[in-house]
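Enquirer: First, the structure itself, so that you have it in front of you.
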Amino acid sequence: MSELYREHILDHYANPRNQGRLDAPDIAADTNDPSCGDQVHIEIGLDDEGRVARVAFDGEGCVISMASSSIFTEHVLSMSLAELEAITEEDVLSWLNVPIGSARRRCALAPLRALRSGLETYKQE
């Protein structure tokens, strides 16, 4: 892994963007991975047009899951619900801009699993 890419991941881990909680989020969900201990909580506030106006994450886990959550929140800002639903695993992995081996794939995709859970609950309400 190139030093530049490694620094990118370590920067998001040490200085996470959008970390915390929102007041009255429209979408909120958790994901927990008992195999490694990663826990990610995602919250989204929508504007009047149904676009992501605010996003936050919280959690505990490895460098990859926490950096991925930080990077994830930067990418979903301003997305519509349809765009959120269309996010693929490949999208998330490409946003990390580092090679992710099979052993760390679940870590990297933790914020996507939380988002999918939150969207499912939001659609049912």
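Enquirer: Here are the criteria: (1) modelled with pLDDT of 95 or more; (2) in contact with a strand residue (DSSP E or B) (Cβ under 6 Å, 6 or more places away or on another chain); (3) outside any loop (DSSP other than H, G, I, E, B). Tell me which single one N32 does not satisfy.
Expert: (1)
Enquirer: Next question. How many of the residues in the stretch 14-52 are among the aliphatic types (A, V, I, L, M) and either surrounded by fewer than 15 Cβ atoms within 10 Å (Cβ to Cβ) or over 23 Å from T88 (Cβ atoms) (or both)?
Expert: Step one: list which residues in the stretch 14-52 are among the aliphatic types (A, V, I, L, M), which gives 14, 22, 24, 27-29, 40, 42, 44, 46, 52.
Subset that is either surrounded by fewer than 15 Cβ atoms within 10 Å (Cβ to Cβ) or over 23 Å from T88 (Cβ atoms) (or both): 14, 22, 24.
The total comes to 3.
Enquirer: If we keep just the residues of the stretch 70-109 that are touching a residue at least 60 places away in the same chain (Cβ under 8 Å) and assigned to a helix (DSSP H, G or I), which is surrounded by the most Cβ atoms within 10 Å (Cβ to Cβ)?
Expert: Taking the stretch 70-109 as the starting set, the residues that turn out to be touching a residue at least 60 places away in the same chain (Cβ under 8 Å) are 96-99, 106-107.
Filter again for assigned to a helix (DSSP H, G or I), leaving 96, 106-107.
On the way: L96: 19, R106: 17, C107: 22.
If we take residues in the stretch 70-109 being touching a residue at least 60 places away in the same chain (Cβ under 8 Å) and assigned to a helix (DSSP H, G or I), then C107 is surrounded by the most Cβ atoms within 10 Å (Cβ to Cβ).
Enquirer: Do you know which residues across the stretch 57-69 are closer than 16 Å to A28 by Cα and surrounded by 21 or more Cβ atoms within 10 Å (Cβ to Cβ)?
Expert: Step one: of the stretch 57-69, the residues closer than 16 Å to A28 by Cα are 57-59, 69.
Within the stretch 57-69, F57, S69 meet the criteria.
Enquirer: With in contact with a Cys (Cβ under 9 Å, 6 or more places away or on another chain) and not basic (K, R) as the only criterion, which of D58, D38, D48, D26 stands out? Before you say what the answer is, go through the steps one by one.
Expert: Working: D58 fails: in contact with a Cys (Cβ under 9 Å, 6 or more places away or on another chain); D48 fails: in contact with a Cys (Cβ under 9 Å, 6 or more places away or on another chain); D26 fails: in contact with a Cys (Cβ under 9 Å, 6 or more places away or on another chain).
Going through D58, D38, D48, D26 in turn, the sole match is D38.
Enquirer: Turning to a different aspect of this structure: What is the number of the single condition among (1) modelled with pLDDT of 95 or more; (2) exposed (fewer than 12 other Cβ atoms within 10 Å of the Cβ) that M1 does not meet?
Expert: Only one criterion in (1) modelled with pLDDT of 95 or more; (2) exposed (fewer than 12 other Cβ atoms within 10 Å of the Cβ) is unmet by M1, namely (1).
The values are calculated or read from the model by the stated rules, or taken from the named source; none is laboratory data. All of these numbers come straight from a predicted model, not from anything done at the bench. For neighbour counting, all protein chains shown are included, and Cβ atoms are generated from backbone atoms with ideal geometry for every residue, glycine included.
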